[in-house]
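The values are calculated or read from the model by the stated rules, or taken from the named source; none is laboratory data. Note that the structure is a prediction, hence the values are computed from the model and not measured. FYI the Cβ positions are ideal-geometry reconstructions off the backbone, even for glycines, and counts take in every protein chain you see.
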Amino acid sequence: MAFLGWFVHYFVIALILAVVAGLGFLTGKKLRQRKDAKTAE
């Protein structure tokens, strides 16, 4: 039973880290597109 609890605990942490990484990726992509659009003018 304790193993299942630890598994869920680490799964939730991995899920949170994946969401943060995804948000960072999308933010970086958006900022890069904005910079490229600004330099293309």
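Does Val20 satisfy the condition of being in a helix (DSSP H, G or I), free of Cβ contacts under 8 Å to residues at least 12 places away in the same chain and within 9 Å of the chain's Cα centre (by Cα)? Spell out how you get there, then give the answer.
Numbers: in a helix (DSSP H, G or I): yes; free of Cβ contacts under 8 Å to residues at least 12 places away in the same chain: yes; within 9 Å of the chain's Cα centre (by Cα): yes.
Yes; evaluated as a whole, the condition is true for this residue.
In the set Phe3, Phe25, which member is at negative phi and exposed (fewer than 10 other Cβ atoms within 10 Å of the Cβ)? Step through it out loud before you land on a result.
On the way: Phe25 fails: exposed (fewer than 10 other Cβ atoms within 10 Å of the Cβ).
On inspection, the qualifying residue turns out to be Phe3.
Sort out which residues of the range 7-41 are aromatic (Phe, Trp, Tyr) and at pLDDT 95 or above, and write them in order of number. Quick ask: steps written out before the conclusion?
First pass over the range 7-41, keeping only residues aromatic (Phe, Trp, Tyr): 7, 10-11, 25.
Matches in the range 7-41: Tyr10, Phe11, Phe25.
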